[in-house]
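The values are calculated or read from the model by the stated rules, or taken from the named source; none is laboratory data. Everything numeric here is computed off the predicted structure, so don't read it as measured data. FYI the Cβ positions are ideal-geometry reconstructions off the backbone, even for glycines, and counts take in every protein chain you see. These area figures cover heavy atoms from the full protein model, side chains too; ligands, DNA and RNA do not enter into them. Shrake-Rupley method; radii C 1.70, N 1.55, O 1.52, S 1.80 Å.
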Amino acid sequence: MSKTWNRHFLLNKQFLNMLLAISVPIALQNMISFGVAVMDSVMLGSFGDVAIAAANLGSQPFSLLMSFGFGLSSGGSVLIAQYWGKGDVKRIRKVMRISMQLAFSASLIITLLSVFLPEQIIRIFTTDEEIVRAGAAYLSLAALSYVPYSIANNYMMSMRAVEKVKMSAVITACSFFVNVFFNYAFIFGRFGAPRLEVRGAAVGTIFARCSELILVLLYMYFREHTINFRLHDCFRFDGELLRDYARHSLPVLGNELMWGIGMSITSVIIGRIGSIFVAANSIAAVLNQLVFISLAGVGNAAAVITGKIIGEGSRERAQKAANTLILVSFLVGVMNCLLVLAIRPVFLMLYNVTPETYAATYSIIGVQALLQITLGVDVTCIVGILRGGGDTRTAFIFDCGALWLVSIPAGILAGLVLHWPVPIVYLMMKLDSPIKAILSCIRIRGREWIRNVTVSS
């Protein structure tokens, strides 16, 4: 039995230590981000359903920006991780430069649209005038945080690909305290600050994102001496790796953009169904973010580990690593399912919402719990193994194909045509996860996903 396990899995101490060393700091960073979401949600929850819905819909452009930024950073990380396995620091800096230039440009465009057209953007998601006004007020301020967020986040994700993950957790922890303090001050009007309610949450976000950027720059110039990337490197242009970057990053970027747009469409579906569904989905999303912390840690670690092993030239070890990562993610998904079901009643006690919103949220969380089992495998395969292995096109086809061909049509049919109950509509919009998990496992078993995407020195 032990020989069979050793033939198909990497269960040695060295591999498990590497997995923990990368995944735990990433999980900690996501835990801190979860804390920010909880504090925002709880503080705004004291003002009722409209405030929660306004902040949620006002955050949709940021969700799109996150998808774009994650796509750029993840696409670049495919190359960075494999060059890290080869020890080619010079080309790592070149990849980081391209990624940073594109991230800045995208964030600037989305910032300008959000500042000058906030009401028009919010009306895409809802026709409720009260939510439109509150959401637009939130968005026009929160958009000022987009550029500093993009620069800081792109750098931290690039550093993950070279196994420097601890600093991201430290920086995110500092921004958490900044966010909570200024949120409390400006939402409720404490410490001499004006009482801005929903807009106060946007002010807190601005302070938090700017603090992240300052800390990143301090780390970049005074602590990081392995890669030696500096902000002034972004003002140079080098076309050597541009074609490789485009070839391997565009599928990831397209993947994240299509996924982000798809998520926005699901928000439109939810918004058209009613404010109760919007508020319930917003609250349930906070709990989902809590349990997603562990999955994100494993998934992001999978990309770094897989890319590094392939860069070192070991195909057989890469396959064993992939098998092990899938097994770990499945077990984590099962534990998350049980955790969600256990804490659901206690979590909902944090919110002051109507009985209708409470009932809708309770049922949505139940569906979320069941989906955790496939979500772990789905995320680890798509975001981690396939991308880290250089098979970005397949990841794109699986991720976006399942969302656009199954989940979105099913959600429109169930919610806007047949008017089925909220939990069933929510389940229809999440059918892509089990489909992606099954397809990805089949692909990885065939070993065609292992691709060395680096350029020879």
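Against the condition open to solvent by 20 Å² or more (accessible area, probe 1.4 Å) and either assigned to a helix (DSSP H, G or I) or among the basic types (Lys, Arg) (or both), how does residue 325 come out, does it pass? For residue 325, the condition - open to solvent by 20 Å² or more (accessible area, probe 1.4 Å) and either assigned to a helix (DSSP H, G or I) or among the basic types (Lys, Arg) (or both) - is not met. Here residue 385 does not qualify as open to solvent by 50 Å² or more (accessible area, probe 1.4 Å) and hydrophobic (A, V, I, L, M, F, W, C). The test for being assigned to a helix (DSSP H, G or I), surrounded by 15 or more Cβ atoms within 10 Å (Cβ to Cβ), of a type in the set (Asp, Glu) and at pLDDT below 90 holds for residue 256. Looking across region 251-272, just one residue is within 20 Å of residue 70 (Cα to Cα) and charged (D, E, K, R), and that is 256.
Scanning region 244-253 for residues that are open to solvent by less than 20 Å² (accessible area, probe 1.4 Å) and within 15 Å of the chain's Cα centre (by Cα) gives a single hit, 252.
For region 96-108, the criterion of being at pLDDT below 85 and either among the basic types (Lys, Arg) or closer than 30 Å to residue 357 by Cβ (or both) is met by none of the residues. Against the condition β-branched (Val, Ile, Thr), touching a helix residue (DSSP H, G or I) at 6+ places or on another chain (Cβ under 9 Å) and at pLDDT 80 or above, how does residue 36 come out, does it pass? Taking the combined requirement at face value, the residue does not satisfy it. Of everything in region 388-409 that is among the charged types (D, E, K, R) and over 16 Å from residue 260 (Cβ atoms), the residue that is most open to solvent (accessible area, probe 1.4 Å) is 393. All but one of (1) of a type in the set (D, E, K, R); (2) more than 24 Å from the chain's Cα centre (by Cα); (3) at pLDDT 90 or above hold for residue 399; which doesn't? Evaluating residue 399 over (1) of a type in the set (D, E, K, R); (2) more than 24 Å from the chain's Cα centre (by Cα); (3) at pLDDT 90 or above leaves (2) as the failure. At pLDDT below 90, out of contact with any Cys (no Cβ under 7 Å at 6 or more places or on another chain) and assigned to a helix (DSSP H, G or I): does that describe residue 292? When the stated conditions are applied, residue 292 passes them.
For residue 353, are the conditions met, namely being buried (at least 18 other Cβ atoms within 10 Å of the Cβ) and within 19 Å of the chain's Cα centre (by Cα)? Taking the combined requirement at face value, the residue does not satisfy it.
Restricting attention to region 359-381, and to residues there that are open to solvent by less than 20 Å² (accessible area, probe 1.4 Å) and of a type in the set (Gly, Ala, Ser), which single residue is farthest from the chain's Cα centre (by Cα)? Looking at residues that are open to solvent by less than 20 Å² (accessible area, probe 1.4 Å) and of a type in the set (Gly, Ala, Ser), I get 360. Residues of region 188-205 that are open to solvent by less than 40 Å² (accessible area, probe 1.4 Å) and either under 12 Å from residue 135 (Cβ atoms) or of a type in the set (Lys, Arg) (or both): 198, 201, 202. Taking region 28-137 as the region of interest, the helices (runs of 4 or more DSSP H) fully inside it that hold 3 or more residues being crowded, with 24+ Cβ neighbours inside 10 Å are 49-58, 60-86, 89-116. Only a single item in (1) among the basic types (Lys, Arg); (2) buried (at least 23 other Cβ atoms within 10 Å of the Cβ); (3) over 30 Å from residue 312 (Cβ atoms) is not met by residue 436, and it is number (3).
The set of residues in region 218-249 that are closer than 18 Å to residue 151 by Cβ and among the small types (Gly, Ala, Ser) contains only 249.
Kindly provide the set of residues from region 255-297 that are over 16 Å from the mean Cα position of the chain (by Cα) and among the aromatic types (Phe, Trp, Tyr), ordered by number. Matches in region 255-297: 277 only.
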